[in-house]
Amino acid sequence: MEIIQAYFGQLSEEQTRQFQQLQDLYAEWNSQINVISRKDIENLYLHHVLHSLAIAKYIQFKPGTDILDLGTGGGFPGIPLAILFPECRFLLVDSIGKKLKVVEEVAQAIGLSNIETRHIRVEEIKDRKFDFVVTRAVATLDKLFYWSKKLIKTKHINALPNGIIALKGGDIRAEIKLLPRGEYAEITPLQKYFKESFFEEKALVYIQG
């Protein structure tokens, strides 16, 4: 938890309490439903929570922003972002229902009221549009773009134009070459924000919607 406070020093008492509860909740649920690698649960705050919050270093979402967490798994990046931005609305979707069970239980336990979940494939979402689609290690950028393009609102309320924000590793430049010609994409190495060695090979990719 200290590492979160080191990089995000303006947390309210409620936000601090919510972040503090995550370790025990995920440890308990992970013993029943494996949403995080068993050997990695002790690194929850560095590898999962802080990694998710890299998005908050890139953009400060304005109140009223609608955000889709595509392929949320155990709730990352959606739950940490929902804690940090309580006046934004988050929809967390995944095709694996038992993972969403963990998300729902964790959210309820810490009193998060600004998220909802859907057991659905992103291609099946027909009734909602979003300012931003966020995702973490789900698919290649061309697939994310294809799935997300139709879900992004045309009206902007944030300083950054609406689009896709993906936390990625690997050969990102090769993936960007797979995007349709003329699409704007920007790569930000996460070591710009965090000094820990875990972030050396990781980056944030923004694709304008």
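Odds and ends about this structure:
- Set K195, K155, K168: member being surrounded by 19 or more Cβ atoms within 10 Å (Cβ to Cβ), out of contact with any helix residue (DSSP H, G or I) (no Cβ under 7 Å at 6 or more places or on another chain) and either at pLDDT below 95 or at negative phi (or both): K168
- Screening the candidates A174, A203 for the property of being in contact with a Lys or Arg (Cβ under 7 Å, 6 or more places away or on another chain) and not aromatic (F, W, Y) yields one hit, A203.
- Leading residue by the ranking (modelled with the highest pLDDT) among those in the stretch 126-152 that are part of a loop (DSSP other than H, G, I, E, B) and within 22 Å of I187 (Cα to Cα): D131
- Filter result (surrounded by 15 or more Cβ atoms within 10 Å (Cβ to Cβ) and either touching a residue at least 40 places away in the same chain (Cβ under 8 Å) or in contact with a Pro (Cβ under 9 Å, 6 or more places away or on another chain) (or both)) within the stretch 181-192: A185, T188, L190
- Candidate set: the stretch 71-109, residues that are more than 18 Å from Y26 (Cα to Cα) and of a type in the set (D, E, K, R); chosen: the one surrounded by the most Cβ atoms within 10 Å (Cβ to Cβ): R89
- Of all the numbered requirements in (1) touching a residue at least 60 places away in the same chain (Cβ under 8 Å); (2) within 21 Å of E13 (Cα to Cα); (3) surrounded by fewer than 23 Cβ atoms within 10 Å (Cβ to Cβ); (4) under 13 Å from the mean Cα position of the chain (by Cα), H47 misses one, and that requirement is (2).
- Unique residue being surrounded by fewer than 21 Cβ atoms within 10 Å (Cβ to Cβ) and within 22 Å of K57 (Cα to Cα) when the list is L144, L112, L178: L112
- Residue within the stretch 30-40 that is of a type in the set (A, V, I, L, M, F, W, C) and part of a helix (DSSP H, G or I) present: no
- Per this entry, S52 is not counted among residues that are surrounded by fewer than 21 Cβ atoms within 10 Å (Cβ to Cβ) and of a type outside the set (A, V, I, L, M).
The values are calculated or read from the model by the stated rules, or taken from the named source; none is laboratory data. If you're wondering where the values come from, they're calculated on a predicted model, not measured in any experiment. Here Cβ is always computed from backbone atoms with ideal geometry, including for glycine, and neighbour counts include all displayed protein chains.
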